[in-house]
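Trainee: Below: one structure in structure tokens.
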Amino acid sequence: MFRIIRDKILGKHRKKAVVTAEDWKLVKNLDENIKLFREIFNNDDTIRFREFETKDSSPVKCCLVFIDGMVNKEIVNENIIKPIVNFSLKDSNINRKAIDIFKDKIIISSAVKEKKDVYELLSSCLYGDAILLLDGFDSALLLDCKGWNTRAIEEPSSETIVRGPKEGFNEAIMTNLTLIRRKIRNTDLKFRFRQLGTCTKTKICICYIEGLASQEIITEVNRRLDDIEIDAVLESGYIEELIKDSPLSPFTTIGNTERPDIVAANLLEGRVALIIDGTPHVLTLPHLFIEYFQANEDYYHGFIYASINRIIRIFAFFLSTSVPAIYVALTTFHQEMIPTPLLLSISAAREGVPFPTIVEALFMLLAFEILRETGIRLPKPAGSTISFVGALILGQSAVEARFVSAPIVIVTALTGISNFLVPQMIGALIVVRLIFLLLSAFLGLYGYIFGVIGLFIHLMSMRSFGIPYMLNIGSLDMQDIKDTAIRVPWWIMYLRPKLIGDNNKVRQTNDGLYEKR
Amino acid sequence: MKKKRLLLSLCIIIALCISGCWNYSEINDRRIISGAAVDYNKEKDMIELTVELVMPISVGGKMQMKSESFSGLGDNLFNAVRNLISKTGKKIFWSHAKVLILSEDIIKEKEKFLSVIDFIKRDAETRDDMMLLVSREKTAKDILKTDVKVQEIISFHLEDMLKNQKSISKYRAVPLWKFVDELSSEGISATLPTINIAEYNKKKISQIYGTAIFKGAEKVGWLNGIETKSFLFVIDELKGGTLVTVATNLAKEPVKITFEIFKNKTKVKPIYKDGKIAMKIDIKTMVNINEIDSSLDFMNEENLKRIQRSGEDTIKKMVGNVIKKVQEEYKSDIFGFGAIISRENPKLWEGIKSNWEDIFTKLDVDVNVNLNIRGSALRSKTIKIGD
């Protein structure tokens, strides 16, 4: 169905022929080559062409091509230009091609490659490498001298914790990879690079632990990535939406995090991570429903505290989806189910309110969402204004003016607060809450139950890269539920999660009890 | 495939459209009533329904409750309920009604009475655990118009009284379901607590006290508070309350001792002997000594035994008297002896069912009491009066 829609939309706009790549080739003449690059980088003022020669009497002419700002100037000056300028080919008396001598003897750089392909040269150059063109050769040397400013490694503001490593990913892919590597010092940890985005040529790294991650999942990820044809990948969200299962569901089947320790833990469970250049948000997959309720801190704190927190989060999920719906259902259909004193106080609070309860509820929920969104969008100094206005105008004054009743303010506040206990799910919660609310406003508790059943059918039918989304929800096996609503102590977590870590099940062997399995 | 999809979506749409909970209404579109009283208007041959309306209003953010009584006439209760709308303005909402007070007049009119009970039990809005009361006053609506209000809402006050019956045990709280159950089952007669208006500081206050005894659907008599306590002893519904005994075997003068009842377990067993049925009632009570009106050393085991014996005798006498009174005067098996026999020996019950009333009135009852004094609260001795 989506394919039909896509073809319909693209039909009008697809250009008949994509711009044919010109036949760029290096020749043996330096000036020609420079001219070629000047043509390619026409109208781009950041490109630098630095021409110099070796010390010989009949010097080898060189030209270093790089993009200003993308290279580390110190490396360029000290390790590339300086040695070349000070070197004399005659002195060395070696019977080799000059380009090999340059590569092996002169240039001090961790990565030097000889390339003929102009496209490869260009793409590296655009990523901060320098191209060294030599007179008399139809190939060039590619020198790694990347150097640009990146954000320091900071604590991610989206996932704050009390106990545990405070570092977070930043926008540079290589830094992110080192953060992961530093946690798992193992040769089985694999990083495979890919490139996506026809225009942006964004670097993507598929990261997994060999022998632990399921080969089928890796193959499937690669297959889905192969199918992507998009001009730009600016954030991992692009990829997430393009490759996730159940694309129309509000629930995500791919997790994302800014924390290396979470990624490391996921990798160790047999999951696969996708690291995208230019964003601190790393994707982890497969992602199960229960992961919404898991926080990295759960594993660092004591298991009792962690389990309590888990249960509170799950309860918050219930509150956040159901409180407005149940309130509306009870007050408009099932007044006999409310305890008498509560009924009387609700009745007193609603006296004089002109709108039906459902309208009140919708209005207040909308107001809350507006407040939430402005809170995020607003420049920080103005933030306090919003909370002030929100609390005072919407809370107190609206009640005093008999715009809305006080109970609905409490309901909204409770809903909103519980929202933030499962922060990754906020988007899905809004949808679910609204559906539940409308169902129970029209059909009463019956409708609410209808909605709950629908939600469960939906969740149960979902899969994330072949793994059932609600894995282990119905199980009573200790090893299955060890990391769900409760987090058992580490000394009972013998096994890795079912299906995801099937390749190497045993996480811990205390007595060989589980080795037999 | 297309047909299937159409069918499926049709199913969902129909399910959504034609089902769902019934009767949407906002809370404040209903008049919440906390209790009702049913009277019989003899002149017009109509039922008069009086309801106590709760009107919660919030004044400056604080909730205040006001109550108001409204009366309506009707051929039957449902008519009266609907006729009330012309006075209350909105439909009344029964789900939070706590008590229903019946007047003696309405109970006497058997058909009307049964139709009232039928409506109350049948209607979806009324609760099964609504408490029933019989008014000893002329009309039932007077109860809802007493002056003294411990609570703003009289019906809630009445409910409190009924709920805390276990600490006084001078009346038996009977919810609607229990009344209907007892009314309709064999071998047991129904009872209801009674309510009257007492003077208090020159104001009227309602007071629940005693029991009305039914035989079938007819009211045949009353039990007072003490008798009700004995009645509760027999039916094993006594949960607390006090017990006063006058011990003559302790000192020269009789000593009045008050026990607080903690726990009571009564077992009633039918005994068949020589073709005759007798009931054996074993009462096991745990009490505390709470008040003694003379100085007495009850740490002495001998004394303690005497106190115990005196208490046992008192209970035995109380229970025996009540059973006798009910057997002779009212001839109504409110203790459920018949039900116990039918449970223990259904075959025998089938045989005697038809003339159970006769057998009941002549039933031999053997009461055994076992009083267990657990302690004496905070003091082990009575206070000695010094000079």
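A short reminder: the numbers here are calculations on the coordinates, not readings from a lab. None of these values were measured; they are calculated from a predicted model. With ideal geometry, Cβ positions are generated from the backbone for all residues, glycine too; neighbour counts draw on all protein chains shown.
Trainee: Can you compute the label reach from residue A:111? Point 7 Å from Cα along the Cβ direction, backbone N cut-off under 20 Å, restricted to region A:146-180.
Mentor: The answer is A:146-151, A:170-180.
Trainee: Going 7 Å from the Cα of residue B:129 in the Cα-to-Cβ direction, what parts of region A:332-350 have a backbone nitrogen less than 19 Å from that spot?
Mentor: A:334-345
Trainee: Report ³J(HN,Hα) in whole Hz for each residue of region B:354-367, in order, from the Karplus equation J = 6.51 cos²θ - 1.76 cosθ + 1.60 where θ = phi - 60°; Gly and Pro get x.
Mentor: 3J(HN,Hα) across region B:354-367, in whole Hz: 5, 10, 4, 4, 5, 4, 4, 5, 9, 5, 7, 10, 10, 9.
Trainee: Angle check, please: helix A:30-40 long axis (alpha carbons) against the longest principal axis of chain A (alpha carbons), in degrees 0 to 90, nearest 10.
Mentor: Taking the Cα atoms of chain A, the angle to A:30-40 is about 20 degrees.
Trainee: At 37 °C and 0.692 mPa s, what whole-number value in µm²/s does Stokes-Einstein give for the translational diffusion of region A:273-334, with Rh from the Kirkwood sum over Cα pairs?
Mentor: 225 µm²/s
Trainee: Multiply the residue separation of residue B:274 and residue B:59 by 0.36 nm, subtract the distance between their alpha-carbon atoms, and state the gained length in nm to one decimal.
Mentor: Once the chain is fully extended between residue B:274 and residue B:59, it gains 70.0 nm.
Trainee: Would you work out if region B:188-329 is rounded, prolate or oblate? Take a ≥ b ≥ c from the square roots of the eigenvalues of the alpha-carbon gyration tensor; rounded if a/c is under 1.5, else prolate when a/b is larger than b/c, oblate otherwise.
Mentor: Judged from the Cα gyration tensor, region B:188-329 comes out oblate (a/c at least 1.5, b/c at or above a/b).
Trainee: Quick one: the Cα spread of region A:263-377 along its three principal axes, in angstroms, biggest first?
Mentor: Computed over region A:263-377, the largest-to-smallest principal extents equal 58, 36, 21 Å.
Trainee: Hey, got a sec? Which chymotrypsin sites (Phe, Trp or Tyr not before Pro) in region A:418-453 land in a DSSP loop and have at most 14 other Cβ atoms within 10 Å?
Mentor: Answer in residue order: A:420.
Trainee: What Kirkwood Rh does region B:28-223 have if only Cα atoms enter the pairwise 1/r average? Answer in Å.
Mentor: 16.9 Å
Trainee: How large is the helix-only mean residue ellipticity at 222 nm for chain A, computed as the sum of -39500 (n - 2.57) over DSSP H runs with n ≥ 4, divided by its residue count, in deg cm²/dmol to the nearest 500?
Mentor: So the calculated ellipticity at 222 nm is -12000 deg cm²/dmol.
Trainee: So, one more: Is the shape of the protein assembly as shown best called rounded, prolate or oblate, per the rule: a/c under 1.5 gives rounded, else a/b larger than b/c gives prolate, else oblate, with a ≥ b ≥ c the square roots of the Cα gyration tensor eigenvalues?
Mentor: Taking the square roots of the gyration eigenvalues as a ≥ b ≥ c, the protein assembly as shown is prolate.
Trainee: Next question, about the same structure. Out of region A:166-257, which trypsin sites (Lys or Arg not before Pro) are coil in DSSP terms and have no more than 11 other C-beta atoms within 10 Å?
Mentor: A:185
Trainee: Now for a different question. Mind pulling the angle between the C-alpha long axis of helix B:301-325 and the longest principal axis of chain B? Nearest 10 degrees, somewhere in 0 to 90.
Mentor: Helix B:301-325 sits roughly 50 degrees off the main axis of chain B.
Trainee: Can you compute the radius of gyration and Dmax for region A:406-483, using only the Cα atoms, both in Å?
Mentor: 15.5, 47
Trainee: Could you tell me the largest-minus-smallest coordinate of the C-alpha atoms of region A:19-61 on each of the three principal axes, in descending order and whole angstroms?
Mentor: Per principal axis, max minus min of the Cα coordinates gives 45, 24, 8 Å.
Trainee: Follow-up. Is the shape of chain B best called rounded, prolate or oblate, per the rule: a/c under 1.5 gives rounded, else a/b larger than b/c gives prolate, else oblate, with a ≥ b ≥ c the square roots of the Cα gyration tensor eigenvalues?
Mentor: prolate
Trainee: Could you work out how far the C-alpha centroid of region A:313-359 sits from that of region A:159-231, in angstrom?
Mentor: The two parts, judged by their Cα centres, are 47 Å apart.
Trainee: To continue, here is another question. So for the protein assembly as shown, taking the charge dipole from beta-carbon charges (+1 Lys/Arg, -1 Asp/Glu), which of A:447, B:222, A:40 sits furthest toward the positive end?
Mentor: Projecting each Cα onto the dipole axis, the largest value belongs to B:222.
Trainee: Over all distinct alpha-carbon pairs, what is the Kirkwood Rh of region A:30-143 in angstrom?
Mentor: Kirkwood hydrodynamic radius for region A:30-143: 14.2 Å.
Trainee: May I pose another question? PRE reach from residue B:263 (point 7 Å along Cα→Cβ): which of region B:276-312 fall under 16 Å by backbone N?
Mentor: B:283-289
Trainee: Please grab the % of Cα pairs in region A:456-495 that end up more than 11 Å from each other.
Mentor: The answer is 67 percent, as a whole percent.
Trainee: Could you rank the peptides B:113-121, B:227-235 by their average count of other C-beta atoms within 10 Å per residue, with the highest value first?
Mentor: Descending mean neighbour count gives B:227-235, B:113-121.
Trainee: For residue A:27 and residue A:359, what is the calculated FRET efficiency with R₀ set at 56 Å and r taken between the beta-carbons, to the nearest 0.05?
Mentor: 0.15
Trainee: Another one. With θ set to phi - 60°, apply the Karplus curve 6.51 cos²θ - 1.76 cosθ + 1.60 along region B:341-353 and write out the HN-Hα couplings as whole Hz, x wherever there is a Gly or Pro.
Mentor: 5, 5, 6, 6, 9, x, 5, 4, 4, 4, x, 9, 3
Trainee: What are the semi-axes of the equivalent ellipsoid of region A:190-266, taken as the square roots of 5 times the eigenvalues of the Cα gyration tensor, listed largest first and rounded to whole Å?
Mentor: Three semi-axes, in Å: 20, 16, 14.
Trainee: On to the next question. At 7 Å along Cα-to-Cβ for each site, give me the label-to-label distance between residue B:380 and residue B:11 in nm.
Mentor: Here the answer is 7.7 nm between the modelled labels.
Trainee: Take residue A:44 and residue B:196, extend 7 Å from each Cα along the Cα→Cβ direction, and tell me the distance between the two endpoints in nm.
Mentor: 10.7 nm
Trainee: Sticking with this structure for a sec: Angle check, please: helix A:340-350 long axis (alpha carbons) against the longest principal axis of chain A (alpha carbons), in degrees 0 to 90, nearest 10.
Mentor: 70 degrees
Trainee: So what does log10 I(q)/I(0) come out to for region A:303-464 at q = 0.15, 0.18 Å⁻¹, using the Debye formula with one equal point on every Cα and no solvent?
Mentor: -0.89, -1.19
Trainee: Take residue A:181 and residue B:252, extend 7 Å from each Cα along the Cα→Cβ direction, and tell me the distance between the two endpoints in nm.
Mentor: Each label point is offset 7 Å from its Cα along the Cβ direction, giving 10.9 nm.
Trainee: Two-decimal Rg/Rh of region A:298-346 from alpha-carbon positions, Kirkwood Rh?
Mentor: Here Rg/Rh amounts to 1.26.
Trainee: Right, another one. Show log10 I(q)/I(0) for chain A at q = 0.08, 0.12, 0.13 Å⁻¹, two decimals, from a solvent-free Debye sum over equal Cα scatterers.
Mentor: Summing over Cα pairs of chain A leads to -0.71, -1.19, -1.28.
Trainee: Quick one: which of B:138/B:353; B:112/B:362; B:280/B:353; B:112/B:267; B:110/B:178; A:73/A:201 span more than 27 angstrom between C-alpha atoms?
Mentor: B:138/B:353; B:112/B:362; B:112/B:267
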